[in-house]
């Protein structure tokens, strides 16, 4: 196991089943997994765990993903953590808004397999 | 008295006209004089008749006529203003409905995609043996389930793209853009899929720099996504996809950029080529080999390329491959 795969990935996802599948697949790659189930807790978990990458859903209970992204990018301690939007929304305006707020990528869940996700995470971390 | 005056007018002018008609030759000049005289006659006749009519109460009638016409005009004007206000309200309402429809389509797509993601991921994990060993029979059933989920996802995506196309057909936000950078971004997104099929996806650029091109970056990316998606879908494992970007410097044509997407895929049967850009059209060999796709991708490409003032065409040979070539002007024409 190389050092890259020991990094922590924060998954912000309210759907329990999707969250557990994604976590299981990324754990298989050797990443440490942190989870947040809503927008309110996402920032706190990010501050506590200092993840190497954040997978962020957009439609979340309470504070939505855009607000969470904005908060992350405003926080000096975690603003450099790459945030990949991982959502089933995906209108052009959603993608544009996420990019403007500082997301490095926008993945539409349904268009990817978990193998693709694992590869994307690896590709993205290798760019950091 | 007035009646007598009128009669005298009649008599004198009739005499003038008749005399001119009888005694004068019909040269051009004389014809002109005759016409003037006839005109004068008409005026002279009309004038006293009008005076008699007015003095006999016609003035009131005129006032009545013009008065009622004025009221009618005012009514028409008011009605017109009401109609304009109504039309403006209806336009606002339609825009609101359109916006709500797009919101509804987006949210419904989201609600559909979420359980579809769960189904797709689960099939994929079991197929991969992540949850324990599977038999060959089990795998073939799982593959069918996985393909079915892919097909529904593809329909939902096309549905979203069509809605986007409809809602944004006149909303292009042109920006001078480095299209090579945009293409690189799109290609990056395809890495997992090309790796899965062991496809070589290569971007060939010319030695000289490509100038910035005035495109709508989101829509240009959609064009490239659709073209590369088709190439990936319809190229067998271990095949090659080549993307070329070139300055289109043909004399007499406006400066443009030419982007090609060539694959070593299954090609398009000759007899079906002319229907390729039609909505919902899928060629017979494509429908036989892959269950994905609803026949909207190239229709969307053509619409978006034309929205950029460009053109799209292709060369294809069945069994050997297809090359799509889009040409987009460097600068958009100012409307």
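Only the coordinates and a few stated rules stand behind these numbers; no lab work does. Nothing here was measured: the structure is a model prediction, and the numbers come from that model. Methodologically, a virtual Cβ is constructed for each residue, glycine included, from the backbone with ideal geometry; neighbour enumeration extends over all protein chains shown.
What full-extension length gain, to one decimal in nm, is calculated for residue B:138 and residue B:198 as 0.36 nm per residue of separation minus the Cα-Cα distance?
Additional length available on full extension: 19.1 nm.
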Open item on the list: Which residues among segment B:162-190 fall inside the zone where the amide N is under 16 Å from a point 7 Å beyond the Cα of residue B:254, along Cα→Cβ?
Closed with: B:172-177
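Working out 0.36 nm times the residue gap between residue B:38 and residue B:334, then minus their Cα-Cα distance, what length gain in nm do you get to one decimal?
100.9 nm
Would you mind classifying segment A:3-127 by shape? Square roots of the alpha carbon gyration tensor eigenvalues, ordered a ≥ b ≥ c; an a/c under 1.5 is rounded, otherwise it is prolate if a/b is larger than b/c and oblate if not. Please report the intermediate quantities before stating the final value.
Working: a/c = 1.32, a/b = 1.15, b/c = 1.15.
It comes out rounded by the Cα gyration axes.
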Open item on the list: How far apart, in nanometres, would the label points at residue B:318 and residue B:98 be if each is projected 7 angstrom from Cα along the Cα-to-Cβ direction?
Closed with: 4.3 nm
TODO: Taking 7 Å along the Cα-to-C-beta vector as the label spot, tell me the residue B:15-residue B:80 distance in nanometres, rounded to one decimal.
DONE: 5.2 nm
Task: Förster radius 41 Å - calculated FRET efficiency between residue A:63 and residue B:90 (Cβ-Cβ, nearest 0.05) - done: 0.65
Open item on the list: So for segment B:52-200, averaging the separation of alpha carbon pairs under 8 Å that are six or more residues apart and normalising by length, what relative contact order in percent results?
Closed with: 21 percent
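Could you compute the FRET efficiency for residue B:184 and residue B:70, with r as their C-beta to C-beta distance and R0 at 56 Å, rounded to 0.05? Show your work: numbers first, answer last.
Numbers: r = 70 Å, r/R0 = 1.26.
After rounding to 0.05, the efficiency reads 0.20.
List the relative contact order of segment B:172-335 as a percent without decimals, with contacts defined as Cα pairs under 8 Å and 6+ residues apart.
Working: 306 pairs, mean separation 40.2, N = 164.
Answer for segment B:172-335 is 25 percent.
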- [ ] Would you work out the relative contact order for chain A, in percent, from Cα pairs under 8 angstrom that are 6 or more residues apart?
- [x] 23 percent
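R0 = 56 Å: FRET efficiency of residue B:49 with residue B:275, Cβ-based, nearest 0.05?
Details: r = 73 Å, r/R0 = 1.31.
E between residue B:49 and residue B:275, to the nearest 0.05, is 0.15.
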TODO: Determine the calculated [θ] at 222 nm for the protein assembly as shown from helices alone, applying -39500 (n - 2.57) to every DSSP H run no shorter than 4 residues and normalising by the residue count; nearest 500 deg cm²/dmol.
DONE: -19500 deg cm²/dmol
